[in-house]
Each structure stands twice: as structure tokens, then as C-alpha cells.
Amino acid sequence: MAITGIPTAALTMIARKHAGTRMGVLPQWCAKNLLPVLALLEAVGTLALMCYALLYEAGNLVNLPDKCIGFYNFCLWNGTAGQLQCLDTQHLQAMGISPLQLGLARVCVYTCLVFILFHIPFVLNVNSTFKGQGEGWKMIRIILFIKMIILSGGLGMFLLQTSHWIHPSDFTGGFLALLGTQALLLLQILTVTVYLSWAKHTHMCENLLTEEALPTKI
């Protein structure tokens, strides 16, 4: 003999209770549709900032009339010649700057640019393939952490080697763009984490409703 499931009104109350447990007042449609779009817009903004810093500014974090220091240039003002003088590897080593660490910093930062360049198509593919699900978005969050670590490491190595010749007030648009990139990467991680939390609880609620709706045999 089979006993019918819980009435529809009770099931509706259960669904509302569990759907709002951790999402608060965030509507279901907002989490499902707007969070992926927000993550995509943040990725586009990250790409724009990286392109500005590394391509438009040519990787120069300090670009002043009397000083130009970046991932490819290290030029200081020569008072005798009355112009900027760009130093080569031997001069940098004599100043205590490691060309190897500068090279590693350059590789890290520009590798992050490549990751970001291919990140946007990947987000679009995941959004169309796994919409409303957590699969795929976990990989996006891992990639975001990797990019943040790579960019932070490259920028940290560069500043460690050049800090004696750079005053905080010397930094120009390229450096500010990289800081903005870090902020957007952190914001993307937060956005994806909220989306994964919503997807997890939606899946739990669906399973609960399925179990409650199944007839109980005695």
C-alpha cells in the first residue's frame, strides 16, 4: 500500500525555506542569470586593464620624463647627457638587480595576460554548458586563484628588485592598472564563490523535494 506524498502547499513552504537559507534576499533568477553575466563583465574589465598595462604602456610601471622603469625598460635620468639612459644587463647587475628575477617577473605577468585572454571564451562556454550548475565554475575559480598568484608573484619580484629606485609617488597608469586587475580578480573569485553556493543549495533543495515527493511504501 502506498501513501501519497506531502501536499503541494507543504512542499512549497519547504522549498522557500531551504532556498533562502544562505542566499538571503538574493532572488533565484538573479543568482542564476546575473551572477554569470557579472563574472563575464569582470573578466572583460580584467583583460582591458591588463592590455593597457602590458601592451599600451609596454609594461612600464613608472613612465615619467626623468624615469622609465618597467618589465622591459630600466631607464634613469643622466644629468650629464641631459636625457634618459637605459641600462643594460651588466649595469643592472652592478646595481644589485638580478636580471633573472626580472625575467621571471616578466614571464609571470605576461603569462597571466595569456590566461586572461583565453578566460573569456572559457567563461562563455561554461555558462552555456553548465548554466545553473556548479560543474565548470569550480574550474573557473581554481584558474582565477592561479592567475592571482602568478600576477602577485611577478609583481612582487619586480618591486623587490626595483624598490630602491622607485618612490611610491612615481607609479603611473601601468602600475595602477595592475592593481585594478588584482582587485577585479578578487571580485571574480567572490562572484564565482557566491554562484557556487547558490548552485549547491539549489541542488540540495531539488534533492530534498524529490525525496519528500516520493511515495512511502509500508
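The values are calculated or read from the model by the stated rules, or taken from the named source; none is laboratory data. Computed from a predicted model, the values in this text were never measured in an experiment. Backbone-built Cβ (ideal geometry, glycine too); neighbour counts: all protein chains shown. The protein model used for the area step is the full one, side chains on, heavy atoms only, and it has no ligands, DNA or RNA in it. Shrake-Rupley method; radii C 1.70, N 1.55, O 1.52, S 1.80 Å.
Of all residues in the stretch 66-90, count the ones that are outside any strand (DSSP E or B) and touching a residue at least 12 places away in the same chain (Cβ under 8 Å).
Going through the stretch 66-90, the residues outside any strand (DSSP E or B) turn out to be 66, 71-73, 79-82, 87-90.
After this cut, where a residue has to be touching a residue at least 12 places away in the same chain (Cβ under 8 Å) as well, the list is 66, 71-73, 87.
So the count comes out to 5.
Is it true that some residue in the stretch 184-196 is closer than 22 Å to L104 by Cβ and either charged (D, E, K, R) or assigned to a helix (DSSP H, G or I) (or both)? Don't jump to the end; show me each part of the working.
Filtering the stretch 184-196 down to residues closer than 22 Å to L104 by Cβ leaves 185.
Remaining after also requiring either charged (D, E, K, R) or assigned to a helix (DSSP H, G or I) (or both): 185.
There is at least one residue in the stretch 184-196 that is closer than 22 Å to L104 by Cβ and either charged (D, E, K, R) or assigned to a helix (DSSP H, G or I) (or both).
Residues checked against (1) under 14 Å from the mean Cα position of the chain (by Cα); (2) of a type in the set (S, T, Y); (3) at pLDDT below 90; (4) farther than 16 Å from T111 by Cα:
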{"site": "L26", "(1), (2), (3), (4)": "no, no, yes, yes"}
{"site": "L35", "(1), (2), (3), (4)": "no, no, yes, yes"}
{"site": "V44", "(1), (2), (3), (4)": "yes, no, no, yes"}
{"site": "L55", "(1), (2), (3), (4)": "no, no, no, no"}
{"site": "A58", "(1), (2), (3), (4)": "no, no, no, no"}
{"site": "V62", "(1), (2), (3), (4)": "no, no, no, yes"}
{"site": "K67", "(1), (2), (3), (4)": "no, no, no, yes"}
{"site": "W77", "(1), (2), (3), (4)": "no, no, yes, yes"}
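Taking the options L124, L113, name whichever one is surrounded by fewer than 18 Cβ atoms within 10 Å (Cβ to Cβ) and aliphatic (A, V, I, L, M). Even if it seems obvious, please write down each step before you answer.
Numbers: L113 fails: surrounded by fewer than 18 Cβ atoms within 10 Å (Cβ to Cβ).
Result: L124 is the single residue among L124, L113 that is surrounded by fewer than 18 Cβ atoms within 10 Å (Cβ to Cβ) and aliphatic (A, V, I, L, M).
Considering each residue of the stretch 69-110, count those that are of a type outside the set (A, V, I, L, M), touching a Phe, Trp or Tyr at 6+ places or on another chain (Cβ under 7 Å) and open to solvent by less than 80 Å² (accessible area, probe 1.4 Å), and give that number. Steps first, please.
As a first pass, look at the stretch 69-110 and keep what is of a type outside the set (A, V, I, L, M): 70-75, 77-80, 82-83, 85-86, 88-91, 93, 96, 98-99, 101, 103, 106, 108, 110.
Filter once more, keeping what is touching a Phe, Trp or Tyr at 6+ places or on another chain (Cβ under 7 Å): 71, 86, 106.
Keeping just the survivors that are open to solvent by less than 80 Å² (accessible area, probe 1.4 Å) gives 71, 106.
Selection size over the stretch 69-110: 2.
Scan the stretch 170-183 and tell me whether some residue there is surrounded by fewer than 16 Cβ atoms within 10 Å (Cβ to Cβ) and β-branched (V, I, T).
No, because not a single residue in the stretch 170-183 is surrounded by fewer than 16 Cβ atoms within 10 Å (Cβ to Cβ) and β-branched (V, I, T).
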